[in-house]
Amino acid sequence: MILPRSSYPLQGVYYFLTNWSLVRRIICVLFLTLVVALLAFGLSFAFLLRLQAIGLSDVGVPAWLSWILSVILCIIESAVFTLVFYLIATPIWQDALFDQVLRLKGLSRVLDERERNVSDLTLCCRGFSAGLTLVVFQIYTLIIVETFMIILTLPLHLIPVLGTFLYCYVNGWVLAWGHQLHYHLEIKQWTLSQSRKFAWQQRDDFLMFGTVAVALEMIPIANFLFVWTNVVGAALWTADVIIDEQKRSGTSDADSRRGLNSSSGVGSGYVAYTASPIASPKSSGVVSYQAITSNQ
């Protein structure tokens, strides 16, 4: 059964905390990030500290001040390197977390089918391309939207709760779509255009999920945890959709492996992604994959 979309971020928190295999993944992420940070600090102070101090002295900076500035520069350089590493590696770790949730929900064969049909190199390139495109899209979209909302809602900042809600609402769709890109592009093998069109046509569902997810990520300190639990929530949403489609179409997971199509007509052996558990897209207004591709 597919629950209200706004409940999935909260479900993600509970599901994450009650499954040690998911918690263990994040512990590994923290440990690896810590190792990279220590290496960055060690190498920076070992190789750059003296060189930077000498360089600053050569341009006229007093010796005592050049060493102080060199230490500060080493700290900044190490922190920037660690941050860049974390930002690059996070999408990969999030995809792995997403896949792990699908496996825990009994949908590992969907992932196995993807791995048999597509080479590792293709998956890597496709994931990198999707991630890069999403980053560029987010940067330009959020700059435009946030600038517009700052001007439009400036008087509303006198009412913090309403202003915060508007911020979450505006950014919710982008966040929700970003968490579904892995499933759309790498598992269902949609194009980015098809994924974007589907997400926009189902924007009410994506906004419901995204608004709550953004609100959780705005909570200080705890937002680090919620960044990961939102991925779990998105995977739970996807898993419920897949399971519901299988039940309604009478397609088992074994049938999916043999390449049978679901009732919405999505090929490649994967069940369709519809926004709500309704048998007929025509009667309900739910947009199917066929409707997306036929409109292009």
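The values are calculated or read from the model by the stated rules, or taken from the named source; none is laboratory data. Every value quoted in this text rests on a predicted model; they were computed, and no experiment measured them. Positions of Cβ are backbone-derived with ideal geometry, glycine not excepted, and every protein chain shown enters the neighbour counts.
Is it fair to say residue 78 is more than 29 Å from residue 230 (Cβ to Cβ), at pLDDT 85 or above and more than 24 Å from the chain's Cα centre (by Cα)?
When the stated conditions are applied, residue 78 does not pass them.
Table: residues versus (1) modelled with pLDDT under 50; (2) small (Gly, Ala, Ser).
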residue: 193; (1), (2): no, yes
residue: 236; (1), (2): no, no
residue: 247; (1), (2): no, no
residue: 257; (1), (2): yes, no
residue: 290; (1), (2): yes, no
residue: 294; (1), (2): yes, yes
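If we only count helices (runs of 4 or more DSSP H) wholly inside region 1-116, which ones have 3 or more residues that are surrounded by 14 or more Cβ atoms within 10 Å (Cβ to Cβ) and of a type in the set (S, T, N, Q)?
By residue number, 63-104.
Output the residues belonging to region 1-43 that are under 14 Å from residue 235 (Cβ atoms), among the polar types (S, T, N, Q) and in contact with a helix residue (DSSP H, G or I) (Cβ under 6 Å, 6 or more places away or on another chain).
Passing the criteria: only 11.
When you check residue 224 against the structure, is it surrounded by fewer than 21 Cβ atoms within 10 Å (Cβ to Cβ), among the aromatic types (Phe, Trp, Tyr) and either at pLDDT 85 or above or closer than 24 Å to residue 15 by Cβ (or both), yes or no?
Spelling it out, residue 224 is indeed surrounded by fewer than 21 Cβ atoms within 10 Å (Cβ to Cβ), among the aromatic types (Phe, Trp, Tyr) and either at pLDDT 85 or above or closer than 24 Å to residue 15 by Cβ (or both).
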